[in-house]
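In what follows, a structure is listed as structure tokens, so that the remarks can point back to it.
The values are calculated or read from the model by the stated rules, or taken from the named source; none is laboratory data. Predicted, not measured: the structure shown is a model, and the values here were computed from it. Backbone-built Cβ (ideal geometry, glycine too); neighbour counts: all protein chains shown. Heavy atoms of the whole protein, side chains included, go into the accessibility calculation; ligands, DNA and RNA do not. Shrake-Rupley method; radii C 1.70, N 1.55, O 1.52, S 1.80 Å.
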Amino acid sequence: AGVNLGPASEDSATFDAERSWNYEVGMKSSWLDDRLAVNLALFHNPVDNFQVLQFDLTGNSFTDNANVSITGLELEARATPVTGFDIIAGLGRIDAEFTSFTNSFTGDDAEGNNLQFAPDVTYNLALQYRSPQGIFGRLELQGLGTTFFDDANTLQQDPYAIVNARLGYEFDN
């Protein structure tokens, strides 16, 4: 729970503490002398009084409360086909939506809309090598699905991917 600075009304002066039940079931596995690992997690988190960052017409920020549902899965895999060389991959899928929320300023009902800053998909793929002599290299792809920046889901960023590369030398210390 907390207090908003400079609230527009008595109703927006305070916000309640978040409360949630977090349900998760998963599997962690390792095969082939630990050269292959696969992890899977399925989760569901209903949240009461989720703290939503809002902005008034003058740009001042305040926190409001909503009820939300967050459900998803995460899949991770790591393979080491030869000593020093790793292939790493991950995939996340999430359905994070408002189950009950009315925007204090616009009066718009956001029920069923996606939560802000929660991309619907995340993924990564990396190839990494570390030599016994200290040379290392990594090439990776990271991606995010559609991300919304407001409760009305009118401001969004389309899916995108980033490629990173790293080459270096590791000393003993």
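Among the residues of the stretch 82-105, those that are out of contact with any Asp or Glu (no Cβ under 9 Å at 6 or more places or on another chain) and either among the polar types (S, T, N, Q) or under 25 Å from residue 41 (Cβ atoms) (or both) comprise 83, 86, 87.
Flag: residue 58 does not match the condition of being touching a Gly at 6+ places or on another chain (Cβ under 9 Å), over 30 Å from residue 30 (Cα atoms) and among the hydroxyl-bearing types (Ser, Thr, Tyr). Of the residues making up the stretch 155-173, those that are open to solvent by less than 100 Å² (accessible area, probe 1.4 Å) and among the β-branched types (Val, Ile, Thr) number 1.
Condition first: of a type outside the set (A, V, I, L, M), under 24 Å from residue 53 (Cα atoms) and outside any loop (DSSP other than H, G, I, E, B). Can you find one or more residues in the stretch 120-131 that meet it? The answer is yes; a qualifying residue exists. Counting just the residues of the stretch 15-46 that are buried (at least 16 other Cβ atoms within 10 Å of the Cβ), modelled with pLDDT of 95 or more and of a type outside the set (Gly, Ala, Ser), which one comes out nearest to residue 75 (Cα to Cα)? Residue satisfying both the conditions and the ranking: 45.
Checking each residue in the stretch 42-95 for being outside any strand (DSSP E or B) and either in contact with a Leu (Cβ under 8 Å, 6 or more places away or on another chain) or touching a residue at least 12 places away in the same chain (Cβ under 8 Å) (or both) picks out 56, 57, 60, 84.
For the stretch 52-61, the condition holds for at least one residue, the condition being that it is touching a strand residue (DSSP E or B) at 6+ places or on another chain (Cβ under 8 Å), open to solvent by 50 Å² or more (accessible area, probe 1.4 Å) and not small (Gly, Ala, Ser).
Give the residues of the stretch 129-148 that are touching a Phe, Trp or Tyr at 6+ places or on another chain (Cβ under 7 Å) and open to solvent by less than 80 Å² (accessible area, probe 1.4 Å), sorted by residue number.
Scanning the stretch 129-148 gives 134, 136, 137, 143, 144, 147.
The lone criterion from (1) over 30 Å from residue 83 (Cβ atoms); (2) free of Cβ contacts under 8 Å to residues at least 12 places away in the same chain; (3) not basic (Lys, Arg) left unmet by residue 173 is number (1). For the stretch 74-120, filtering for residues that are within 25 Å of residue 159 (Cβ to Cβ), aliphatic (A, V, I, L, M) and exposed (fewer than 15 other Cβ atoms within 10 Å of the Cβ) leaves 1. Restricting attention to the stretch 96-119, and to residues there that are part of a loop (DSSP other than H, G, I, E, B) and among the aromatic types (Phe, Trp, Tyr), which single residue is nearest to residue 35 (Cα to Cα)? Only one residue tops the list, namely 117.
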